[in-house]
Amino acid sequence: MKKFTFLFLVFVALILSCTKETIQFDLTQYYDVRVVLDSSNCTADCDEEADCEGQQVRVVGIIDGDEISTNSYTFEILDENDMQTPMVIRVDTMASPEIFAKITGNGDKVVRLQGFLEGQDGSGSANCMREINLFVVNPEFVRVSQ
């Protein structure tokens, strides 16, 4: 019986340690890419809307100079601490000339952005998850560190 109780407690501890934190984003601070993407309110299956979608948030990351596409009005930023975690930034077409002027040629530099979280369905696999990106509409909310 003691062995069963111990295994049960270990199992519960593992489950609790794997739960994601829910974040109430506030515009007084910048959040790392990974913090936003890993928050439980930004996690949803395909065909569902994540709770964070539509919220305004400030994000900080590193500009991925290889992932700037003026044709599709997108670029990517990477988490400062985990360069393997990207976030797609979608740019409003009316603001794109100013925003792309700020980021082009500044790959690997820190950028601070403010925008609206939005989601789209990921790949159509059996474990399809919602992908969260940031929609930026105002060039004043794009600040590249020099």
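Key figures for this structure:
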item: With every protein chain in place, segment 13-146: carbon and sulfur % of accessible area (1.4 Å); result: 46 percent
item: Two-site label geometry, N127 and F141: point separation in nm, points 7 Å out along Cα→Cβ; result: 3.3 nm
item: Centroid-to-centroid separation of segment 89-146 and segment 23-47 [C-alpha atoms, Å]; result: 14 Å
item: Charge tally in the Cβ shell below 13 Å around G122, where Lys, Arg are +1 and Asp, Glu are -1, G122 excluded; result: -4
item: Taking only Cα atoms of segment 15-100, radius of gyration then Dmax in Å; result: 14.2, 47
item: Antiparallel content of DSSP bridges confined to segment 59-146, in %, to 5; result: 90 percent
item: Cα principal axis extents for segment 69-133, largest first, Å; result: 40, 30, 20
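The values are calculated or read from the model by the stated rules, or taken from the named source; none is laboratory data. Since we're looking at a predicted model, the values are computed, not measured. Don't worry about glycine lacking a Cβ; one is built from the backbone with ideal geometry, like all the others, and counts go over all protein chains shown. Side chains are part of the model used for accessible areas, which takes the heavy atoms of the whole protein and leaves out ligands, DNA and RNA. Shrake-Rupley method; radii C 1.70, N 1.55, O 1.52, S 1.80 Å.
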